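*Asks:* If you scroll down you'll find the structure; I have some questions about it.
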There are 2 protein chains.
Amino acid sequence: MTSQISQDQPDHASSSPMTKKVTRRSWVGPIPIGGGAPVVVQTMANTDTRDVAATLAQINSVAERGAELVRVAVPDEKAGRALFEIIPQAPIPVVADIHFDWRLAMLALEAGAPGLRLNPGNLSDPDKIKKISHKAGQQGAAIRVGVNSGSLDPRMAQLYGHGPEAMAQSALKELSLLEDLGFHNLVVSLKASDVRLTVAAVRLLAERTDCPQHLGITEAGDLETGVIKSAVGLGVLLHEGLGDTIRVSLTGPPEAEVDCAWEILRSLGLRSRGPEFISCPTCGRCEIDLVGLLKEVKNRLRGLKAPLKIAVMGCVVNGPGEGKRADLGVAGGRGRGILFERGQLVGQFPYESLAQILEDKARAMAGEAKT
Amino acid sequence: MTSQISQDQPDHASSSPMTKKVTRRSWVGPIPIGGGAPVVVQTMANTDTRDVAATLAQINSVAERGAELVRVAVPDEKAGRALFEIIPQAPIPVVADIHFDWRLAMLALEAGAPGLRLNPGNLSDPDKIKKISHKAGQQGAAIRVGVNSGSLDPRMAQLYGHGPEAMAQSALKELSLLEDLGFHNLVVSLKASDVRLTVAAVRLLAERTDCPQHLGITEAGDLETGVIKSAVGLGVLLHEGLGDTIRVSLTGPPEAEVDCAWEILRSLGLRSRGPEFISCPTCGRCEIDLVGLLKEVKNRLRGLKAPLKIAVMGCVVNGPGEGKRADLGVAGGRGRGILFERGQLVGQFPYESLAQILEDKARAMAGEAKT
């Protein structure tokens, strides 16, 4: 087969329209999950939940960064008691992460938790699930059935191995149990540390339930590798229309998880928050300090919420093209830069003034005064 | 629709077998691209090519990091002349990146370049392409037709817009020109800074040619955002079996591009290099300094080439599960850790000794003496 030019192809795929799988809608407090709602960004606190001040400080910090939901571990009664102080003061809904002990779920609900995460691998006794769901139903709280390949129900593993089928079955069993009890405010997740396993499991589950899905690659790793595994795995699934809420799991600060989650959603055009920067990799053609300029502009515009597209490019090969299609663009030349504003050439400016000019223009576009 | 448990589903999707699109095979020096060869990792030097020493130093550095091909910019004759010194001393094949001036392509070939990258957006005159391909053919050099949405041939943009169709047509036109001249040692790439546009363009092209594809998200951004965009875009494409060689473009050091490329390939089980670390995100259940332990173990094992899977986990919820399925695994508890070796419980060890024990075990498994 040699390469064929065809003259009659319409530009049908230009915006690569992703077809979102429509799930039913659940609610975690005031936050809708699924049913066509935007993909919700969540994270998990890594403080000791018993330390109310530290946990609240971190929740405030991740909320400021764009987390819309936050989960906290509830490993013991003292952590459960801390929820009575944490939940009413938190700026975003707090989901209690429960393992093993059903009484901690009851305690979290008493504290007003708008959501619980239950792991069917270690909490699946029908009597206990019944008690939890009854109380959650009374309060309008959501339950996430959160399966993790690292803590799979041994009976499921025995029946179905450690693959996607065992993960899906483990979730479906607990979902059915809850639904049969008349409880429907559900979210489900299947997480593995292996990207392909996660992708296969989520796809399988999506064929069998319209329950909204929470996506994540678990134990993804540190900032270097975890970001990449999460971006690949969540990227594949989101791009094919799966996923109603996401968490990026990193061995690192939860703020980094939130930033990464937003970047993944932005990269697929699903949501945006703050300016997007297009910048070239720099090569032997680059004649300005592009890394320095980009860093300077990003710093100056940190916190700006308008979703502007800003291109900071090093040379005249791709610079003008990218620059013209961005809201603001600079194409570098020797010691200077050509500025574009919404596709129009504005002029040439010396390198030293570029950061200031880009900041001023961006703030003007965003309609915000410099703070 | 409520959630259905089905009892008769085989574990068919367990390893999520990706079907690789089979392309024809091209060669850049001794490196096969396509035709079933492993996905090749490449990067681009960002030194001034005219500075031979700096460029060679960087090429050696990226080769050590795992780059299998490297591209250098050839913006002028002096850079072209530098290739006469760079190419014979480089440990990996050097591809000359040519824009605008066909004579620089001829010069690069004279210098022995095993590959050229030509941009149809600024070099498509049939007479010039004929001269270049004739000489490249004589020398067995490869040509990559590298389309970039930022420097699209204006005639193609006029005919087809700025979407995937225009990008694909631009490439197909130049590929056909070369193939009609009897030149077949080709690679093709369609890069955009927009992930969805890149994905759509690459898919479109894959339907119309069996020429091996080089993948990249261009002008992806800096280390924070560029890594994520590249991982999402290349992840989606590689997961569906497209792509024969990849470059991660970052506004940053090319060494980081190489690391990121390997992590993307590893995350999809396509290739591996060195140990893979599974580590949990730490939460309120974590009772050891997991971030510190992970960093310590990674540092101790840097440079180890054996593809071991090492789980460093903070607690007993998912720790034992992940630990058992890794080559080596630690599940943390209060001030100590439980060690697993190939699924077998080895014993409990104090926190302070864990890094040393993991290092020793990993080196023993890798059959390497401590250096």
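*Asks:* Restrict the check to segment B:313-321 and report whether at least one residue is open to solvent by less than 60 Å² (accessible area, probe 1.4 Å), in a strand (DSSP E or B) and not assigned by TED's automatic domain parsing to the domain that holds B:E255.
*Replies:* Taking every residue of segment B:313-321 in turn, at least one turns out to be open to solvent by less than 60 Å² (accessible area, probe 1.4 Å), in a strand (DSSP E or B) and not assigned by TED's automatic domain parsing to the domain that holds B:E255.
*Asks:* Still on this structure, please answer the following. Can you pull out every residue in segment B:220-232 that is within 7 Å of chain A (Cβ to nearest Cβ), surrounded by 24 or more Cβ atoms within 10 Å (Cβ to Cβ) and touching a residue at least 12 places away in the same chain (Cβ under 8 Å)?
*Replies:* Listed by number, the residues that qualify are B:G221, B:V227, B:K229, B:A231, B:V232.
*Asks:* Just a yes or no: is a residue in segment A:51-65 over 20 Å from A:T251 (Cβ atoms) and either crowded, with 24+ Cβ neighbours inside 10 Å or at pLDDT below 95 (or both)?
*Replies:* Looking for residues that are over 20 Å from A:T251 (Cβ atoms) and either crowded, with 24+ Cβ neighbours inside 10 Å or at pLDDT below 95 (or both), one finds at least one in segment A:51-65, hence yes.
*Asks:* Out of the residues in segment B:271-283 that are within 10 Å of chain A (Cβ to nearest Cβ) and not in a strand (DSSP E or B), state the one that is nearest to B:A306 (Cα to Cα).
*Replies:* B:C280
*Asks:* Out of the residues in segment A:328-371 meeting the condition of being assigned to a helix (DSSP H, G or I), closer than 23 Å to A:N318 by Cβ and of a type in the set (G, A, S), tell me which one is farthest from the chain's Cα centre (by Cα).
*Replies:* Restricting to residues being assigned to a helix (DSSP H, G or I), closer than 23 Å to A:N318 by Cβ and of a type in the set (G, A, S), the top hit is A:S353.
*Asks:* Separate question: Could you check, for segment A:114-130, whether at least one of its residues is open to solvent by 10 Å² or more (accessible area, probe 1.4 Å), of a type in the set (V, I, T) and closer than 20 Å to A:V187 by Cα?
*Replies:* No; the residues of segment A:114-130 include none that is open to solvent by 10 Å² or more (accessible area, probe 1.4 Å), of a type in the set (V, I, T) and closer than 20 Å to A:V187 by Cα.
*Asks:* Another question, if that's okay. In this structure, is A:V291 open to solvent by 20 Å² or more (accessible area, probe 1.4 Å), outside any loop (DSSP other than H, G, I, E, B) and within 25 Å of B:H99 (Cα to Cα)?
*Replies:* The answer is yes for A:V291.
*Asks:* Also, I was wondering about something else. For segment A:178-196, enumerate the residues that are of a type in the set (S, T, Y) and either more than 9 Å from A:H214 (Cα to Cα) or surrounded by fewer than 23 Cβ atoms within 10 Å (Cβ to Cβ) (or both).
*Replies:* Answer for segment A:178-196, where residues must be of a type in the set (S, T, Y) and either more than 9 Å from A:H214 (Cα to Cα) or surrounded by fewer than 23 Cβ atoms within 10 Å (Cβ to Cβ) (or both): just A:S193.
*Asks:* Go through the residues of segment A:82-100 one by one and say whether even a single one is facing chain B (nearest Cβ under 9 Å), β-branched (V, I, T) and in a helix (DSSP H, G or I).
*Replies:* no
*Asks:* Against the condition open to solvent by less than 10 Å² (accessible area, probe 1.4 Å) and either more than 7 Å from every other protein chain (Cβ to nearest Cβ) or in a loop (DSSP other than H, G, I, E, B) (or both), how does B:L238 come out, does it pass?
*Replies:* In short, yes.
*Asks:* Okay, next question. Restricting attention to segment A:153-170, does a residue exist that is in a helix (DSSP H, G or I), under 28 Å from A:A111 (Cα atoms) and open to solvent by 40 Å² or more (accessible area, probe 1.4 Å)?
*Replies:* no
*Asks:* For segment B:131-147, which residues satisfy the criterion of being in contact (Cβ under 8 Å) with a residue 40 or more places away in the chain, open to solvent by less than 10 Å² (accessible area, probe 1.4 Å) and not small (G, A, S)?
*Replies:* Result: B:I143, B:V145, B:V147.
*Asks:* Name the single residue that is surrounded by the most Cβ atoms within 10 Å (Cβ to Cβ) among those in segment B:245-255 being more than 8 Å from the chain's Cα centre (by Cα) and of a type in the set (S, T, Y).
*Replies:* Once the filter is applied, the top-ranked residue is B:T251.
*Asks:* Tell me which residues, restricted to segment A:294-309, are touching a helix residue (DSSP H, G or I) at 6+ places or on another chain (Cβ under 7 Å) and surrounded by fewer than 23 Cβ atoms within 10 Å (Cβ to Cβ).
*Replies:* A:E296, A:R300, A:L301, A:L304, A:A306, A:L308
*Asks:* Sticking with this one: Does B:I246 meet the test of being of a type in the set (V, I, T) and in a loop (DSSP other than H, G, I, E, B)?
*Replies:* For B:I246, the condition - of a type in the set (V, I, T) and in a loop (DSSP other than H, G, I, E, B) - is not met.
*Asks:* Could you please give the count of residues in segment A:34-73 that are over 17 Å from A:W262 (Cβ atoms), within 19 Å of the chain's Cα centre (by Cα) and part of a loop (DSSP other than H, G, I, E, B)?
*Replies:* 5
*Asks:* Ok, one more. Consider only pairs whose beta carbons are under 6 Å apart and that are at least six residues apart or on different chains; among these, list those whose first residue lies in segment B:324-351 and is on the phi < 0 side of the Ramachandran plot and in contact (Cβ under 8 Å) with a residue 12 or more places away in the chain and whose second residue is part of a loop (DSSP other than H, G, I, E, B) and of a type in the set (D, E).
*Replies:* B:R334/B:E287
*Asks:* In this structure, is A:E165 more than 25 Å from B:V232 (Cβ to Cβ) and in contact (Cβ under 8 Å) with a residue 12 or more places away in the chain?
*Replies:* Against the criterion (more than 25 Å from B:V232 (Cβ to Cβ) and in contact (Cβ under 8 Å) with a residue 12 or more places away in the chain), A:E165 qualifies.
*Asks:* For segment B:68-80, which positions are surrounded by 17 or more Cβ atoms within 10 Å (Cβ to Cβ) and farther than 18 Å from B:T218 by Cβ?
*Replies:* Of everything in segment B:68-80, those that are surrounded by 17 or more Cβ atoms within 10 Å (Cβ to Cβ) and farther than 18 Å from B:T218 by Cβ turn out to be B:E68, B:V74, B:A79, B:G80.
*Asks:* Further question: Of the residues that sit in segment B:25-48 and are surrounded by 18 or more Cβ atoms within 10 Å (Cβ to Cβ) and more than 20 Å from B:G66 (Cα to Cα), which one is modelled with the highest pLDDT?
*Replies:* The extreme case among them is B:S26.
*Asks:* Please list, ordered by first then second residue, the pairs with beta carbon atoms under 7 Å, 6 or more apart or interchain, first in segment B:43-61 and free of Cβ contacts under 8 Å to residues at least 40 places away in the same chain and facing another protein chain (nearest Cβ under 8 Å), second open to solvent by 10 Å² or more (accessible area, probe 1.4 Å) and aliphatic (A, V, I, L, M).
*Replies:* If the second residue must be open to solvent by 10 Å² or more (accessible area, probe 1.4 Å) and aliphatic (A, V, I, L, M), the pairs left are B:T47/B:A54; B:D48/B:A54.
*Asks:* Is there a residue being of a type in the set (D, E, K, R) and in contact with a Pro (Cβ under 8 Å, 6 or more places away or on another chain) anywhere in segment A:319-339?
*Replies:* Scanning segment A:319-339, I find at least one residue that is of a type in the set (D, E, K, R) and in contact with a Pro (Cβ under 8 Å, 6 or more places away or on another chain), so the answer is yes.
*Asks:* Now for a separate question. Report the residue count in segment A:87-105 for those that are closer than 24 Å to A:L123 by Cα and crowded, with 18+ Cβ neighbours inside 10 Å.
*Replies:* Residues flagged as closer than 24 Å to A:L123 by Cα and crowded, with 18+ Cβ neighbours inside 10 Å within segment A:87-105 amount to 10.
*Asks:* Now for a different question. Looking at segment A:142-172 only, could you name the residues that are facing chain B (nearest Cβ under 8 Å) and not aliphatic (A, V, I, L, M)?
*Replies:* Hits for segment A:142-172 are A:N148, A:S149, A:G150, A:S151, A:Y160, A:G161, A:H162, A:G163, A:P164, A:E165, A:Q169.
*Asks:* Right, A:R81: out of contact with any Asp or Glu (no Cβ under 8 Å at 6 or more places or on another chain) and at pLDDT 95 or above or not?
*Replies:* Yes: the conditions hold for A:R81.
*Asks:* Something else about it: Search segment B:173-219 for residues being over 27 Å from B:T19 (Cα atoms) and among the aliphatic types (A, V, I, L, M), and hand back the single one that is farthest from the other protein chains (Cβ to nearest Cβ).
*Replies:* Here the answer is B:L181.
*Asks:* Right, here's the next one. Of all residues in segment B:256-270 being in a helix (DSSP H, G or I) and out of contact with any strand residue (DSSP E or B) (no Cβ under 8 Å at 6 or more places or on another chain), which is most open to solvent (accessible area, probe 1.4 Å)?
*Replies:* B:D259
*Asks:* Would you confirm, using the coordinates I've provided, whether A:S176 is among the hydroxyl-bearing types (S, T, Y) and free of Cβ contacts under 8 Å to residues at least 12 places away in the same chain?
*Replies:* It is true that A:S176 is among the hydroxyl-bearing types (S, T, Y) and free of Cβ contacts under 8 Å to residues at least 12 places away in the same chain.
The values are calculated or read from the model by the stated rules, or taken from the named source; none is laboratory data. The structure displayed is predicted, hence computed values, not measured ones. Don't worry about glycine lacking a Cβ; one is built from the backbone with ideal geometry, like all the others, and counts go over all protein chains shown. Calculation scope for accessible area: heavy atoms of the full protein, side chains included, ligands and nucleic acids excluded. Shrake-Rupley method; radii C 1.70, N 1.55, O 1.52, S 1.80 Å.
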